[in-house]
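Chemist: Take a look at the following structure, please.
The values are calculated or read from the model by the stated rules, or taken from the named source; none is laboratory data. Please read all numbers here as calculations on a predicted model, not as lab measurements. As a convention, Cβ positions derive from the backbone with ideal geometry for all residues, glycine included, and neighbour counts pool all protein chains shown.
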Amino acid sequence: MRFIQLACALAMTSSMAACGATQGAQSNGPSRPFDAPDLPHLAGQAATCSGPRQKTFTFEVREVTVDLGMQTKFMAWTYNGSIPGPTIEACEGDEVTITMSNHAELAHGLDSHALRTGMMHFGPTEPGTSMTIHNVVTTRGVFMYHCADGPATDLHIKSGLYGAMIVYPRAPMLKAARELVIVESGVFGEREGDGVIPGTDPDRVRRNDPTLMMFNGRLQHTPLAVSAGDLVRAYVVNVGPGVAALHVMGTILDTVYDGASQMRNVQTYGIPPGSGAMVEFRIPDAGTYGLVDHDRLAYLSWGMVITFDAGGGHVHDTM
């Protein structure tokens, strides 16, 4: 089967690399996050678990026009002005305090799936006010957080109010790897002639009918430089809609960690909406590898692929 869309998507990421070098390759030593402008910031397990056991995070809800790439902008509701919101990183046993200030026109809240606490603590809070959540995180894993606003919660999430929260094991240390955060989500509004999506369409929200699907709030992604033999670790959250069929073209998922479950040698792994998982895969040899949602290949022409460049690879239009 011919994959013209894949060729276009990979060609676009390669053209982006001409404007800025692909991000650094693996070296011996501890785990290192990839550093690219379109990836959520990630500190990693070592830095997070060696820090104070009391961690404080500050969020501001703001209505912002976000650049999605491909000459497309979205008038979104955001945490701290970005889609997804900042990645929350904590270690097992940490005391976590999250303060959220609402600078938007409607009431908003914040619910993290990593927290064991009554839902009344998640808000919402009215415009011009703040709320605080305090909790000890006891369960390791990759979790979704999102706005909590009662019956309107789904609309608020699909307007951009979501992100990833990682709770690392305090011990043992994870194997050395190159790391990244991946948040899969959709946009539920129509793109107008000037390239602007002027907000979220409630009818599309009710139908679970996105106009676009994307990784990390972007329709374009910087190629990530790797070397043959590198272990890559991705902390993945699926906002939805639908199950994310996570697959890496050219290799197999060595290990998938989903809650207390651990699976080996998985070709494609399904992550339901509102859930997350940690996946590891190894770059087998020189070439180009693409992380995709195998059930969303129709969005390849809209850049829904994260490319790992191990050098010497060629883009083919067949698989």
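Chemist: Please tell me if PHE74 is surrounded by 20 or more Cβ atoms within 10 Å (Cβ to Cβ), under 30 Å from ASP309 (Cβ atoms), assigned by TED's automatic domain parsing to the domain that holds VAL183 and among the aromatic types (Phe, Trp, Tyr).
Modeler: No, not satisfied.
Chemist: Considering each of ARG218, ARG207, ARG233 in turn, give the residue that is among the charged types (D, E, K, R) and under 25 Å from PRO284 (Cβ atoms).
Modeler: When all the criteria are applied, what remains is ARG233.
Chemist: When you go through (1) assigned to a loop (DSSP other than H, G, I, E, B); (2) surrounded by fewer than 16 Cβ atoms within 10 Å (Cβ to Cβ) one by one for ARG264, which number turns out not to apply?
Modeler: Here ARG264 clears every test but (1).
Chemist: Considering only residues that are hydrophobic (A, V, I, L, M, F, W, C) and farther than 17 Å from ILE157 by Cα, look in segment 214-230 and name the one that is surrounded by the fewest Cβ atoms within 10 Å (Cβ to Cβ).
Modeler: ALA228
Chemist: Against the condition within 18 Å of the chain's Cα centre (by Cα), acidic (Asp, Glu) and not assigned by TED's automatic domain parsing to the domain that holds TYR79, how does GLU190 come out, does it pass?
Modeler: no
Chemist: Also, I was wondering about something else. Report whether or not PHE122 is over 24 Å from PRO198 (Cα atoms) and touching a Leu at 6+ places or on another chain (Cβ under 7 Å).
Modeler: Yes.
Chemist: Mind listing whichever residues of segment 46-69 are within 26 Å of VAL232 (Cβ to Cβ) and in contact with a Lys or Arg (Cβ under 9 Å, 6 or more places away or on another chain)?
Modeler: Listed by number, the residues that qualify are THR48, CYS49, LEU68, GLY69.
Chemist: Answer yes or no: is there a residue in segment 265-279 that is more than 14 Å from the chain's Cα centre (by Cα) and touching a residue at least 40 places away in the same chain (Cβ under 8 Å).
Modeler: no
Chemist: Given (1) under 24 Å from LEU297 (Cα atoms); (2) surrounded by 21 or more Cβ atoms within 10 Å (Cβ to Cβ); (3) not hydrophobic (A, V, I, L, M, F, W, C), where does PRO241 come up short, assuming only one miss?
Modeler: (2)
Chemist: So, one more: Can you pull out the residues in segment 188-219 that are out of contact with any Ser or Thr (no Cβ under 6 Å at 6 or more places or on another chain) and closer than 14 Å to GLY240 by Cβ?
Modeler: ARG204, VAL205, ARG206, ARG207, ASN208, ASP209, PRO210, LEU212, MET213, MET214, PHE215, listed by residue number.
Chemist: For segment 183-213, give me each residue that is in a loop (DSSP other than H, G, I, E, B) and surrounded by fewer than 18 Cβ atoms within 10 Å (Cβ to Cβ).
Modeler: GLU190, GLU192, GLY193, ASP194, GLY195, PRO198, GLY199, ASN208, ASP209, THR211
Chemist: Could you please tell me which pairs satisfy a Cβ distance under 9 Å, a separation of 6+ or placement on different chains, a first residue in segment 26-39 that is over 15 Å from LYS175 (Cβ atoms), and a second residue that is modelled with pLDDT under 90 and of a type in the set (Gly, Ala, Ser)?
Modeler: Filtered contacts from segment 26-39: PHE34/GLY24; ASP35/GLY24; ALA36/GLY20; PRO37/GLY20.
Chemist: For segment 149-158, what are the residues that are of a type outside the set (Val, Ile, Thr) and either surrounded by 24 or more Cβ atoms within 10 Å (Cβ to Cβ) or not assigned by TED's automatic domain parsing to the domain that holds THR78 (or both)?
Modeler: Passing the criteria: HIS156, LYS158.
Chemist: Just the residues that are part of a loop (DSSP other than H, G, I, E, B) and within 19 Å of LEU180 (Cβ to Cβ), please, taken from segment 295-307.
Modeler: Result: ARG296, GLY303, MET304, VAL305.
Chemist: Kindly indicate whether THR255 is part of a loop (DSSP other than H, G, I, E, B) and modelled with pLDDT of 95 or more.
Modeler: No, not satisfied.
Chemist: Provide a single number: the residues in segment 25-43 that are part of a loop (DSSP other than H, G, I, E, B) and either over 17 Å from GLY163 (Cβ atoms) or modelled with pLDDT under 95 (or both).
Modeler: Here the count works out to 12.
Chemist: When you go through (1) surrounded by 22 or more Cβ atoms within 10 Å (Cβ to Cβ); (2) closer than 18 Å to GLU184 by Cα; (3) over 17 Å from the mean Cα position of the chain (by Cα) one by one for ILE283, which number turns out not to apply?
Modeler: In the conditions (1) surrounded by 22 or more Cβ atoms within 10 Å (Cβ to Cβ); (2) closer than 18 Å to GLU184 by Cα; (3) over 17 Å from the mean Cα position of the chain (by Cα), ILE283 misses (2) alone.
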